[in-house]
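Trainee: One structure, as structure tokens, below. Some questions next.
Since every read-out is calculated from the coordinates, none of them should be taken as a lab result. Because the structure is a prediction, the values reported are computed rather than measured. Every residue, glycine as well, gets a Cβ built from its backbone with ideal geometry; the counts of neighbours run over all protein chains shown.
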Amino acid sequence: MSDEPAPPHRRRLRYAGKHPRRFDQKYKEHAPEQYPETVRKVLASGKTPAGSHVPIMVAEVIEALDPRPGDIVVDCTIGYGGHARALLDRIQPGGKLLGLDVDPLELPKTEARLRGAGFGPDLVIVRRSNFAGLAAALAAEGFAGADCLLADLGVSSMQLDTPNRGFSFKTPGPLDMRMNPNRGQPASAFLRKIRRAELEALLEENADEPHAAALADALAGQSLEQTTDLTDLIRATLTRVEKDELDQSVRRVFQALRIAVNEEFTALDTLLRHLPVCLNPGGRAAILTFHSGEDRRVKQAFQAGLRDGQYAAIADDPIRPTPEERRANPRAGAAKLRWARR
């Protein structure tokens, strides 16, 4: 017999009241099949359950893409799989969906979720890839092109709400912000290395930040390891700014750094450049954007493609979420949808 003492018994973490604050305490929301009533209450309150994501403008995406049985569909940012599920329902029989995503933490969960819903490898192919590699991903699967393509450029709720990913100023966590934590440098290292003039330009380009000069003076070269360190320094810098405007500046700085850390504009420009030849004749593309820098790039690329004869038609104006969706899901508020048809 072993003389080693038995390990102490650990009780399961209790659900901390009706409205637990910490992400790791919200285990009921992480198990929607086991606790559907809790999830319904969270959704009814206009919030997103922990560890999940509410897809935005699903009906509008379906209308723009017009998926049909037998179509080859690419979801360039498969995320939680909400849009993919809606598309898959409309391309059977005979259709296939190629789902891409760079996040190595969430992608296996999404694939397991889709497999559990009955979508086998003959219907859904999941690949960890940046959408800048769209052409290579299609070729690797033997597809000449896509009949429908969706790129949802928003950050998923799973990433925003998980404190240790460092995307949000609302909860303490490491100042990371990488979509793929195994590649590149975290936002903390990025800030330590960047020069003041570069940071000012980045804040203006990536987030239209009106206080870019003052913030660049304060933030460039700083050693800030936690999301709260960055938030506190922004607030300490803009002491004469009204609270609502100050809150917006905090959001804009986080957005600008996230875009830079993940080289999002570089990836988007590459996608837009290759997109026309990645669509089959008559193929449709829809792109969801969430701020002016993204929308401006998509709008200009679609307009140029129409002038050059690469597209037969494009959206005249962006499509916006309905008031009902904005009330039910506040994260949909900034969304704009543009489409193009080859």
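Trainee: How much net charge surrounds Ser223 when only the other residues with a Cβ under 10 Å from the Cβ of Ser223 are counted, with Lys and Arg +1 and Asp and Glu -1?
Mentor: So the environment of Ser223 carries a net charge of -1.
Trainee: Taking the simple approach of a point 7 Å from Cα along Cα-to-Cβ for both Leu105 and Ala213, what is their distance in nm?
Mentor: Taking the two extended label points, one gets 3.8 nm.
Trainee: Mind scanning Lys193/Lys299; Lys96/Lys336; Lys109/Lys193; Lys109/Lys336 and naming the pairs with a C-alpha gap bigger than 30 Å?
Mentor: On the way: Lys193/Lys299 33 Å; Lys96/Lys336 26 Å; Lys109/Lys193 34 Å; Lys109/Lys336 27 Å.
The pairs that break the limit, which is 30 Å between Cα atoms, are Lys193/Lys299; Lys109/Lys193.
Trainee: Tell me the net charge near Ile314. Cut-off is 11 Å between Cβ atoms, Ile314 excluded, with +1 for each Lys or Arg and -1 for each Asp or Glu.
Mentor: +4
Trainee: Cα centroids of region 263-297 and region 195-245: how far apart, whole angstrom?
Mentor: 29 Å
Trainee: If you don't mind, another one. Can you tell me which of 74-85, 154-165, 320-331 comes out highest on packing, and rank the rest after it, using the mean Cβ neighbours within 10 Å? Write out the running numbers ahead of the final one.
Mentor: On the way: 74-85: 24.4, 154-165: 20.3, 320-331: 15.2.
Averaged packing, sorted descending, gives the order 74-85, 154-165, 320-331.
Trainee: Using modelled backbone amide H atoms (1.01 Å from N, in-plane), which distant-in-sequence or interchain residues come within less than 5 Å of Gly99's amide H?
Mentor: Asp75, Ile125, Val126, Arg127
Trainee: Report the local net charge at Gln255: Lys and Arg +1, Asp and Glu -1, summed over other residues whose C-beta lies under 12 Å from its C-beta.
Mentor: The answer is -2.
Trainee: For region 62-208, count the residues as N, evaluate 2.2 N^0.38 Å, and divide the Cα radius of gyration by that value, please.
Mentor: Numbers: Rg = 17.6 Å, N = 147, 2.2 N^0.38 = 14.7 Å.
Region 62-208 yields a ratio of 1.20.
Trainee: Among Glu245, Glu264, which comes first, second and so on when ranked by fewest other beta-carbon atoms within 10 Å?
Mentor: The fewest-first ordering by Cβ neighbours comes to Glu245, Glu264.
Trainee: For region 64-81, just list the computed ³J(HN,Hα) in residue order, Karplus coefficients 6.51, -1.76 and 1.60, θ = phi - 60°, integers in Hz, with x standing in for Gly and Pro.
Mentor: Per residue, the Karplus-derived 3J(HN,Hα) values read 5, 8, 6, x, 10, x, x, 5, 9, 10, 10, 9, 6, 9, 5, x, 7, x Hz.
Trainee: Multiply the residue separation of Glu242 and Asn164 by 0.36 nm, subtract the distance between their alpha-carbon atoms, and state the gained length in nm to one decimal.
Mentor: Taking Glu242 through Asn164 to full extension adds about 25.1 nm, to one decimal.
Trainee: What is the calculated FRET efficiency for Arg307 to Asn280, with r their C-beta to C-beta distance and R₀ = 25 Å, to the nearest 0.05? Before the final figure, lay out the partial values.
Mentor: Numbers: r = 21 Å, r/R0 = 0.86.
Given R0 = 25 Å and the Cβ-Cβ separation, E is 0.70.
Trainee: Distance from the Cα centre of region 94-114 to that of region 308-338, in angstrom?
Mentor: About 24 Å separates the Cα centre of region 94-114 from the one of region 308-338.
Trainee: Then there's this: Sequence gap at least 6, Cα distance under 8 Å: using those rules, report the relative contact order of region 226-342 to the nearest whole percent.
Mentor: RCO, region 226-342: 27 percent.
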